[in-house]
Structure formats: structure tokens, C-alpha cells
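Below you'll find the structure I mean.
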Amino acid sequence: MKKITFLIYFCYAIGFTQTGIIKGRVLDKQSETPLFGTTIELLNSETAVGVISDDNGYFKLENVPLGRQTIRISYIGYETITIPNIVVTSGKDAIINVSLIESFEQLDVVVITPKTHKDRSINRLATISARQFSLEEVNRFSGGRSDVGRLAANFAGVSAPDDSRNDIVVRGNSPTGLLWRLEGIPIPSPNHFSTAGTTGGAISALNTNMLKNSDFLTSAFPAEYGNALGGVLDLGFRKGNIDDYEFTAQMGAFTGVEATAEGPLGKKQGSFLVAARYSLVDLLDIGVGGTSATPTYSDVSFNLDFGTGKLGSMSLFGILGDSDIKFLGDDIDEDDLFAAEDENSKVESGFNVVGVNHRLVIGNASYLKSTLGVSVSSDTYEEDRIIDKNTPQERVIRYTEADNKESRFTFSTFYNSKLSQKTTLRFGLLYEFFNVESQLKDREKQPDNNNDGDPDLFIFRDTDDSFSLTQPYIQGQFRLTKKITLNTGLHMQFSSLNEQFVFEPRAALSYKVTPKHSINLGYGIHHQNVPLPLLFLNEDVNGALIQTNIDLDFTKSSHFVLAYDVKLGKSWRAKVEAYYQDITNVAVEAFPSSYSSLTEGADFEFETDKVSLTNNGIGHNQGIEFTLEKFFSDGYYGLLTTSIFESKYKGSDGIERNTPFNNGYVFNLLTGKEFVIGKVKKNVLFFDTKVTLAGGKYFTPVDIEASQQAGFQIKQDDLAFSEQFDDYFRWDFKLGIKFNSKTKKQSHQFYVDLQNVTNNRNIFTKRYNRLTNNVDQIDQTGFFPDFGYKFQF
């Protein structure tokens, strides 16, 4: 009996080592209703493996061989698709959610037309300048630090040649032109060490283990997106495993020490997913990212799905994060990116968002989705300046104080209806209520009116104000013929701050010339608030502090896009996209000057002396982009993106200048290879590499004589952004291995990510050093070895 029991266990163990699970849900792409009876087949398998989806569209493929697998999903009257490169491991079930689109003409038989749509966006109403990305991609690419922002930098049209921040420059637009969305609602910058008005930071607060496939849009986006000029990162949290409890433990130099748990919740196919992280560098007490100071940061993310009942489905999601760092002058190196030797400063920031999703199916082809969210982002900065350091006269004064808090209440709702296989309509409303508390006191460039020997501490901002932003929209998809699809809509926007109401028509046309060739056209008008740190600036008017920028109009941008796509083979595609963006109503000074609000947003600070601004500035961005992509197959992938572009603006002096984001060109080459190893060929050795080459950032030269006389940096504003840093070059190389357990539901992954392998000293900035009375060049981080370990069970 013992021998029989042992034999059964042994056979089970052997079988288990060679199989995993693929499961998920199949929905109608237009109505997002579940499809019952869909056929899901495992391809390229020695034995036939296939299942049928249940009443709620769920399916579960068992006994799937480990490694990268491909499934085919087919349903009568719908276009059949294939999903390749599903990573099946022994440590975690592979969860795949699929949307099928109804065939243009109703069919009475299943037509097998295998397609892959990885290059298309999740949002079916986004036709042009849009693509989806996956969790696997975020974690795969070398040099990415498991950061969504740094992943986006690999795509055509994006420039981010700054190792210290993850700002996303889309087609020459300021990073402030980017819209972050989570679960359908706008959110503040989801980054640690972020500051008011910016959209980037030093370290991402988004835990990539929480993300499902999401969208990145770079131009002429659909009508549901508003208050953005440059681009949209539309993110969503995945559901936890509805059948089994699973856990992940991992650590990395930038992501920190992390734990994730997920599993079933309730009896209605609900689930929970919770993840928490803490900075590893704080535990090790080391500096990272261009400073010798030690950053501390932590975040908790969650997605609780309560399943589907009579009143619909509901989920609760959120991110809670905080960070802080202290820069002590005695511990600071002269080439520190963020601090100086005669300063003691402290930075604290917080990012919190909590929301509730509700979805109600109405009939067989419509649904109502609503989201209620609350977010709070905050940052404080305190700086003490050490005067006459290392002399008998040494003293310390409070030099700068900043305390910012933005609280946002958001309500989003839309009704989606599939009228036929050719027509889908969606109309909705987004309402945001903002409360802004902002205080800024600073001595920089101030006179000494009280004759105490120090510049006066001027109050640049001191506000506790509220306003609302209302955005109704309607949009639709019209499949005019088998080859022609029109997505069109109208977005509207009203701000109670400036009492401006604007209309924004959007349209995109896709013409499928042949099954492998398509042409896409896009047009859209977009508006965005002037960054809030500028709107609430104080101006001293006859002894009274007045917010003279508060009534500034929206900045306006018109997008024109033309794209050509071609499928070069089973796993290859190429794309060429040309665009022009005309920008008007830009905030500039009332008197002739080189200033423009289009130049803000790529740093932790905004200008503090730009008051009484007017909406008379203009700008434009234009360029052409090329993408050649080899989707992962036959054990390797490749991605080559090239962007050649121009970004210009005119201030109130009427002179056309470069924006600081006018790098001119960006080139990215990424490739990776996997080798199956081990006796049973279930472990994987992998490597990835990335090469980036880009034009240098434009900057305004320092007036050295004026700076030496004043004791602080003064730039030659008449020569604004007239000089350019050297070209940016960086090569990253990543090597790792994945182990699948022989006897248990476990997997291990190790990697080493060698960032900036050649130790190329890319320029960070050129700034006046008040201690040496010289203009010093500060370089970005050199060679840095990142590492990571992940244990799934």
C-alpha cells in the first residue's frame, strides 16, 4: 500500500513539474459582456488541450506545459484571435483576459483567422498613436527599474534622457502635458518624491505586480480623455486569483523589499490582491540615483473585487505611499544632483488614492460603469542655508519653506452600448473637485529690505483654494465597411477657476488597405489648465499679495496625425507615424521676454517670479516616428524605435526658440533572448539589452559675471535655450534565470541589471556654484548594477 501511495505521489509530482494553468475571461469587446461557449485551445502542444468558457465567460486550461505558450480563442460570429507568449510557471497561474470583436458580417460558422493584437490599445476607441503594454514587458526590459514611466521611454515619440527622474516627454511636450489615469479616473503623479504640478519623480509608486495590460496614448486621443496636451498613461489593476491563494516575495535595488498576496474573496467569483513595498536602500543605509543621501519610501497597493451580484459588480482599489529624504551639507558630495554643501534640507512627499468601481450590465449589449475616487498628494521642503560655512562667522538661516497639498474628489461615469456589430456608442461625465493648499516662502533672488544682512523671506504662494473641473463627452465607433472604421467624439471641459467652457472635437479613421497594410488618420483639439503652481503665484501689487495668474485660460493644442502600419510576418510589424501639433493660448509674460509655460515641468520646481501672465504665447511640435517590432517568438524579441522631431515656442518677445525638450532625435534598440535549460527543459536563462541614443537637452546659459556679483545663479534669458548638451548615450544589459520547482507550486527568478555599462557621463546640468564662484557641470549617474530576486508560491 505504501508503494502504491508513493507511486501515485511520484507520478503527481512528475506531472506537476511539467504543467501549469492558464485561465481568464472572454468578453465581447464592444459591449464588455461575457461570452459563453467560447472555445479556448492550447496550440503547439503534443496533446490536445481545450476548454469552453462558462456562463460568466471564465475558462481554465489545466495541464499546460511550462514555458511560453500560445492559445487560440474562437467563437461563432466573432473574429478568432491567438494570444502568444503566455508565460506559464510552476509558481503562479497565468491569467489572461480576452476581448473578441464581432465579425463585420454575421457568420454562421467559425472562421479561423488567427490574429495577434499586441500592437493595438486596450481601449477599442483609440485608433491612432496608441499601444498597450503588459506587466511582463515592464519587468523584462533592462534599465527599466520596473517603472512604467521608464518603459514608456522605449516607445516611439517619447524622450526621457534623465537618469534621475522618470518624467515622460511625449513628442516634445512638457511632462506636465501627461495625464495619469488609474481604473478610469485621473490621479496625481504616482511617484515618490514628486512635487506639486509635476508628473514625474525619482522612483515610481506604482507596483507593477498590480498592473494588468494597460494603454499608452501619445496624440489625438479619444474623447473620454481630457485636460492633457501631450499623452495619456491609462492604467488598470488586475484581479487577484479567483481560485487559489498565491504569494510573491521579491526585492530589488529600486523597487525595494516587497510582498504580494492574492486569492479568492467571497462566493461570487471575487478576489483580493494586496502588495506592499519598502525601500531596500534605506535598510542598507546607502544613497542611490545620483545622491549620497539615503531615500526612504514605502507604498501599499490593493484591489478588492467583490464579484458580481444582482446589483452589478463592485471593487475597491487604492495606493498609499510616502517618502522622505534628508540632505545634510556635511555629507554631500560636490557633484550631488540635488543638493549643495552649504545646505541642510529635508524633503517629504505623499501619494494616496482610493476608489470604488461599480459596473452594472443593462440588457445584453450595454453597461453602466461608475467610479468614485479620492486622492491626496502632498510634498514639503525645508532648507536651511549655512552662511560663511567653515569660518568663525558661520551661521544658519531658514532659506526656503514649501508645503503643498492637493486633495481631489473624482466621480466618473459612462454608459456604453453596442447598437450592432458595426456601431458602439459611449457617453459619460467626469467631475473633479480640487482643494489646493500651497505655501512657499523663499529668499532666492530677494532684496534685503529689512537690512538684517539676509535676503527677505518672500511669500510666493499662500493659498487654500477650491475649484472644479467638469468634463462631459460622447464618442462612438462606426465600422463603416470591412476595411474602414471611424472613431469620433466630442469632449467638453469647464473649469470653475477661470469659468471657461471649451469644445474639443476628436476623430480617427482607420483604413485597412489589405490584411497586412493599414493607414490611420487622427485629429483632435485638446485643452489643459496652466500648471497650478503658476496659477496660484503671488505678486506684490502696492504692498498687497495678489494672485494675478488665477484667471488664465486653458492652453490649447490641435493634433494632426498620419500613420502607416504593416505586418511584415508572423511576429513582425513596422509602423511610420507623422504628426504636427499646434499650441496656442500659452501663458507668457505681459512684456517682451523669452518665458513660456511650455518650458516648465521637467524639474522639481516651477518659476516663482512669473506673474501677471497672459495667454498670448504659441508653440508647435512636429516629427516623424518609426517602429520596427519583433514580438516574442522563437525565444527572442526585438524593438527598434526612432523619432526625429522639432519642438519650438515663442514667448512674448515673438522670437522662436527651442523648448528644453527639443532633443531633435531619439533612438532605442532593445532585444532579448531566452534559453530553455535543465534536464526537463523547464528552467529559463534570459538576457535583455537596451541601447539609447538621443540629442542633448537645450538649456539657458548662465551669466557668470552677474551671478558672481549677485551671489546666486542668473541666467541669460535673452539667450533662452540656445545651447545644447552633448548627445545622450546609455547601454544597459540584463542577465537572469528562472527556476520552476520540481515538486511544488513554486518558482524563483534572479537577475542582475547592469545599467550604463560603459559608464558614460551624460550631462545632468550646468549650474552656478556659489561656493566656487564658477559654473560647474554636473553629470548624471554612471555605471550602476541593479539586481532582483522574485519568489512565487
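On a 0 to 90 degree scale, rounded to 10, what angle separates helix 2-17 from the longest Cα axis of the chain?
50
Then there is this: Give a quick list of trypsin sites (Lys or Arg not before Pro) in the range 308-361 that DSSP marks as loop, anything other than H, G, I, E or B, with at most 13 other Cβ atoms within 10 Å.
K310
Once amide H atoms are built 1.01 Å from N in the peptide plane, which residues 5 or more positions from G77, or in another chain, come under 5 Å H to H?
L107, V109, V111
Taking H placed 1.01 Å from N in the peptide plane, check which residues at least 5 places from S146 or on another chain put their amide H under 5 Å from its amide H.
Here nothing satisfies the definition.
Can I ask one more? Apply the Kirkwood formula to the range 378-525: the hydrodynamic radius equals the inverse of the mean of 1/r over all pairs of different alpha-carbon atoms; give it in Å with one decimal.
When all Cα pairs of the range 378-525 are included, the Kirkwood radius is 20.7 Å.
Lys and Arg at +1, Asp and Glu at -1: add these up for the other residues within a Cβ distance under 10 Å of Y75 and post the number.
Result for the local shell: -3.
Also, I was wondering about something else. If amide hydrogens are placed 1.01 Å from N in the peptide plane, which non-local residues have theirs closer than 5 Å to the one on D727?
So D727 has HN proximity to G696.
Same structure again: At 0.890 mPa s and 25 °C, plugging the Kirkwood radius over alpha-carbon pairs of the range 542-623 into Stokes-Einstein gives what diffusion coefficient in µm²/s?
For the chosen part, D equals 154 µm²/s.
How far apart, in nm, are the 7 Å Cα→Cβ label points at R398 and N451?
2.5
Here's a follow-up. Over the alpha-carbon set of the range 645-777, divide Rg by the Kirkwood Rh and report the Rg/Rh ratio to two decimals.
Taking Rg over the Kirkwood Rh, I get 1.25.
Using only alpha carbon pairs under 8 Å that are at least six residues apart, calculate the relative contact order of the range 635-747 and give it in whole percent.
24
Taking the C-alpha atoms of the range 575-678, how large are the radius of gyration and the largest Cα-Cα span, Dmax, in Å?
Just the Cα atoms of the range 575-678 yield Rg and Dmax of 20.2, 72 Å.
Please give the net charge around F687, taking every other residue with its beta carbon less than 10 angstrom from that of F687, where Lys and Arg add +1 and Asp and Glu add -1.
Neighbourhood net charge equals 0.
What is the distance in Å between the Cα centres of the range 289-308 and the range 721-793?
20
I need the P(r) histogram for the chain: all alpha carbon pairs, bin width 10 Å from 0 out to the longest distance, whole percents.
Reading the bins upward from 0: 2, 13, 23, 26, 19, 10, 4, 1, 0, 0.
What's the center-to-center distance, using Cα atoms, between the range 531-601 and the range 343-401 in Å?
With the range 531-601 and the range 343-401 each reduced to a Cα centre, they are spaced 23 Å.
Which of the GluC sites (Glu not before Pro) across the range 491-596 are loop residues per DSSP, with 15 or fewer other Cβ within 10 Å?
The qualifying sites are E499.
Tally Lys and Arg at +1 and Asp and Glu at -1 over the other residues with C-beta under 13 Å from the C-beta of T555: what net charge comes out?
Once positives and negatives cancel, what remains is -3.
What lysines could a cross-link reach from K346, if we take a straight Cα to Cα line under 22 Å and drop same-chain neighbours fewer than 8 places away?
Hits, sequence-local ones excluded: K326, K389, K405, K441, K445.
Each value in this text was obtained by applying a stated rule to the coordinates, not by laboratory testing. The shown structure was predicted, so the numbers you read here are calculated from the model rather than taken from an experiment. FYI the Cβ positions are ideal-geometry reconstructions off the backbone, even for glycines, and counts take in every protein chain you see.
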